[in-house]
Structures are given as C-alpha cells and as structure tokens.
Amino acid sequence: MTTVKASFARGSRNSDWLMPRSSRHGRVSIMKCVALLSVVAVWGIVSCTTEDRQASSTPATNAAEPVNEFVPTNVSRVHGGPEIPKGPGWPPSIAILDTGIDATNSDLNVVDGFNCATDDTEDWQDSNGHGTSLAGVVGAKQDGKGIIGVAPGAELYAIRIFADETLASEESVLCGLRWVYQNSSHIDVVLTAFNRPDETAADEANCTSDDLRQMICHLHESGITVVSAAGNQKTDASVFVPAKLSRVISVGAIVDFDGIGGGLGSPTCGPGMDDDIADFSNRGPSVDIYAPGVCIQTTRLKSLRNSVAPSGTSLAAAHAAGAAAIYMACHVHATPDEVKDALLDSGEMVLADGMSVPTIAVVSEC
C-alpha cells in the first residue's frame, strides 16, 4: 500500500477508504453501484452494498413545527441522555471524522471544524448528512426540542474527510487524525466511521508498520480515546483497519427495538431480532463491544423538524463515543485503556449468534 509522508500533506489521491453512505438515502442505485465497484477493482475498497443505510420501512418525522424533546430508545438502551453524570470535565469534546457536521442545526453544539477533503480547510460543513446523524447520537442537546443524544450538549468537532458521499483518500484520513492529534489538549474522544481492508495480523501492537497505525498510536499516547465502527460487511472485523487495531474501541451493531435488554422488543423497523447482532455488522474477536445500530433516531441536515432512522455500525460507534466522553468528563485523568476497560465492564452481556457479547452502557458513577 502506498503511504504518505509524515507531514500528511494533502495531494493526489491514492488508497481510498469506505464511508457508510448517507443516512439521507436508501441503497445506491445499480448504476452507481457499478461505478463504485469499478473503483473497488483499482483500490480494493469494499462493495457499496455494505454501507450504512436508512431503513426503508421507518417513517421520518416531518412536522410543521419542531418535534417535542424526547430520548430515543437507542439512547435509553445505553443509559445516556438527561440522567447522565456530569463530572468536572464537563462538557467533553468529541471529534467526528466523517462528512462534516451541520453547524446550522441548533440541536448540536459544534464548536469548530476542519476540512481535509478539499483545498478549502474551512469548508467543513456537512452537505451529505451522515456526519450530522452521528453527531446527533453523540450529543444532541437537551433543549426542549428534538432528540436528546447520549452526551447532551457535548462539544463537537467536525472533521471532514470525505469529498463525496462514499470515498476518502488516505491523505484526507491521515490529515484528519493529525488535526485531532495537534489539538489533543482539548479533545477527549475521536469517532472514526471508516475502514479499509488490511490482511496483516490482527494483533496490532506495532506502531511503526504504516502511517495509520502510527497516528492511532500517537492519539492513544496523547490521551485521546479512539472509537471505531467495526464495519458493515457481515464478516470478521479482523481484516479491516482501524477496526481491528488494539488501541481503538471497535464497535459492532446490535438490534434494539425497545430500549431495554431481554430480547423481547417487537420490531419497529427493519429486519432482525431484538438484542441480536445486526445482520450487516462485522463481528469476531476484534470487535470489543456492541451498541444499538438499527433504526437509530437522530438528527439530519438543516432542520430539527426532520429526523432520520439510519442503520449501521457507525451509528453504534457514536453511542460508544458518547459513553466514552461521559466517562472521561468524570475521570479527567483516565487513560484510553482505562476508558476502554470501564466501558467493557459497564453494559450487560447479551446472547447473540450463539455467543455472549458485551454491550455498551454509560458508567453511572463519577
């Protein structure tokens, strides 16, 4: 694989990264899928059918006035929202590496951003919707209208690494990670919702084998907790980076229809059984933890009068990012390893696919 120099200077595209598709759209058309698959042959990215998607059976809210404030069931499932503990480090800061965030959405506390996808570094506003949907799960405010996120009112940094809806160059990915590292003094958590195939060993203790691993190690050593989506390819996460790296919290998706455990929830949208691993989610020993990732109620572009219900492991990872940020606000000197251990101990174990897997929950004590 071609790598870029340590300066992470942005230039011509080389290796491309898969991003879950916009929550504003359903699956891609056949013609667009063919176009993307032609790129697969060149860059080795994953098929377009594995991307985040909106559940077609889920109605979106489209009222004349902003909807009343509510806690989505997926946020209730991880014990996020109004009752979370707020420690001495509140509000925590989360950088989201994705399509940007819609700063005009008053339900989101976007404090800054940076664009690594094009030449204009100030152009970090979301024009796609995917990054905004992640931001809503992480930290939609408790302000009397719209949804409440896992860590309501958390400070959000919009790091745009996607120039279009689906692909990011290696340069833009590394640029985004580098920006977070350079601003590590005021960022607690970074959420990454992209992956690329990687056939090297799953034990990723080596920090020098390539630029991505080097940057993940830098972030880890600087005290930033890195949360990564496990991927939506229905396979073993150990063949994708950064999902398989030991210095990230890799998050898979479960189905949750009722906001509580027990596996008794009736389907509200999309396929799957309550409390089971989502059919699209990657899994295996490289996945650290699971969170709701099916039919997630969250924010969309431009207006609080609309909401979407997309599915994907990036939405699951957003829950974990919010939970990690809450823990870091309570335990301001916690290391990323301590944050990871705390989250692994926080949630219940669920029986899914014949095995017991841990789920995420906000740690309730400061």
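Model label points for Glu338 and Asp210, set 7 angstrom from Cα along the Cα-to-Cβ axis, are 3.3 nm apart. Could you list log10 I(q)/I(0) for the stretch 261-340 at q = 0.11, 0.20 Å⁻¹, which the Debye formula gives when each Cα is one point scatterer? At q = 0.11, 0.20 Å⁻¹ the computed log10 ratios are -0.39, -1.02.
The trypsin sites (Lys or Arg not before Pro) of the stretch 280-366 include none that meets both criteria, a DSSP state outside H, G, I, E and B (loop) and at most 10 other C-beta atoms within 10 angstrom of the site's C-beta. Computed across the stretch 129-196, the Kirkwood hydrodynamic radius from all distinct Cα-Cα pairs reaches 13.3 Å. Ellipsoid semi-axes for the stretch 173-222, based on the Cα gyration tensor and the rule √(5λ), read 20, 12, 9 Å when sorted largest first. Accessible surface for the stretch 285-347, divided over its residues, is 28 Å² per residue with a 1.4 Å probe.
Residues whose amide H lies under 5 Å from that of Asn195, counting only those 5 or more places away or on a different chain, are Leu18; hydrogens are built 1.01 Å from N in the peptide plane. Sorting Glu122, Glu338, Glu83 by accessible area puts them as Glu83, Glu122, Glu338; the probe is 1.4 Å, largest comes first, and only protein heavy atoms count. Apolar share of the accessible surface for the stretch 150-255: 44 percent from carbon plus sulfur atoms, 1.4 Å probe.
Taking 0.36 nm per residue of separation and subtracting the current Cα-Cα distance, fully stretching the chain between Asp120 and Ser106 would add 2.6 nm.
Summing charges over neighbours of His79, with a neighbour being any other residue whose Cβ is under 13 Å away from its Cβ, gives -3 when K and R count +1 and D and E count -1.
To the nearest µm²/s, what D does Stokes-Einstein give for the stretch 160-295 at 37 °C and 0.692 mPa s, using the Kirkwood radius over alpha carbon pairs as Rh? Write down the numbers at each step before the final one.
Working: Rh = 15.9 Å.
For these conditions, the coefficient is 206 µm²/s.
The values are calculated or read from the model by the stated rules, or taken from the named source; none is laboratory data. Please read these numbers as outputs of a predicted model, since none were measured by experiment. We place every Cβ from the backbone using ideal geometry, glycine too, and count neighbours over all the protein chains shown. Ligands, DNA and RNA are excluded from the accessible area calculation, which covers all protein heavy atoms including side chains. Shrake-Rupley method; radii C 1.70, N 1.55, O 1.52, S 1.80 Å.
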